[in-house]
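Trainee: Provided herewith is a single structure, encoded as structure tokens, for subsequent inquiry.
The values are calculated or read from the model by the stated rules, or taken from the named source; none is laboratory data. It should be emphasised that the depicted structure is a prediction, and the values quoted were computed from it without experimental measurement. Please note: Cβ atoms are built from the backbone with ideal geometry, for glycine as well, and neighbour counts cover all protein chains shown.
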Amino acid sequence: MIAHVVGTVAEKFGNAVIVDVQGVGYEVQVAQPDFDAALIDETVKFFTYHHVREQSQELFGFASLATKKLFELLITVQGVGPKAALAILSIGGGEEARNAIAQSDSAFVARATGVGKKIAERVVVDLSDKVGLPVSISHGGAGIPVALSGDEALEALVALGYTLQDATVALEKIDKTLPTSERVRQALQGA
């Protein structure tokens, strides 16, 4: 299994990025936000899911480990394959998709290319209790969704074996202004 690739972006097309790793080019299928962020001749790291079928092998890549874990949850839902899961993550990014699922927003999931209303409802029913709580902060009393795709503490807890839900719950009462290492330490201690 290929867990991640680190290399230089050689080409971009469709929803794929060719990552040159010391002279070997890996074609990695990515969600739209990761595709947009990948720049030609820049170094990237994608956490990958290696999908093997009878006729082909594909790599699906994610800029964050939390998004990869969400992708792996999505493909456990009956009727959702890797391409549909990638389409769901392409709507607004991993954290926005996770929040929509946590809030049982099947209309958001149904906006993905190739995902109908029934599949969207199945995703929400099957995963809403597995993806963690919806995350929001308030500015002046209004709840505004937070994008955690760059939340290193959340990613660290997921890398340590926490589920997305457990990691979210562990971090929800910890001050977000603390350094990442301190947030992780407090979450591990159950603060």
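Trainee: Could you check how many residues of region 39-56 are surrounded by fewer than 19 Cβ atoms within 10 Å (Cβ to Cβ) and within 19 Å of ALA10 (Cβ to Cβ)?
Mentor: Summing the residues that are surrounded by fewer than 19 Cβ atoms within 10 Å (Cβ to Cβ) and within 19 Å of ALA10 (Cβ to Cβ) in region 39-56 gives 6.
Trainee: Would you check which residues across region 104-122 are under 21 Å from ASP166 (Cβ atoms) and either free of Cβ contacts under 8 Å to residues at least 24 places away in the same chain or in a helix (DSSP H, G or I) (or both) and list them?
Mentor: None; the set is empty.
Trainee: Would you pick out the residues in region 56-66 that are over 15 Å from LEU86 (Cβ atoms) and modelled with pLDDT of 90 or more?
Mentor: GLN57
Trainee: Cβ-Cβ distance below 8 Å, separation of 6 or more or different chains: which pairs start in region 66-94 with a residue that is at positive phi and end on one that is of a type in the set (A, V, I, L, M, F, W, C) and surrounded by 19 or more Cβ atoms within 10 Å (Cβ to Cβ)?
Mentor: That search, which allows pairs on different chains as well, returns GLY79/ILE119; GLY93/ALA31.
Trainee: Could you check region 26-54 and list, in sequence order, the residues that are of a type in the set (Lys, Arg) and over 16 Å from the mean Cα position of the chain (by Cα)?
Mentor: Matches in region 26-54: ARG53 only.
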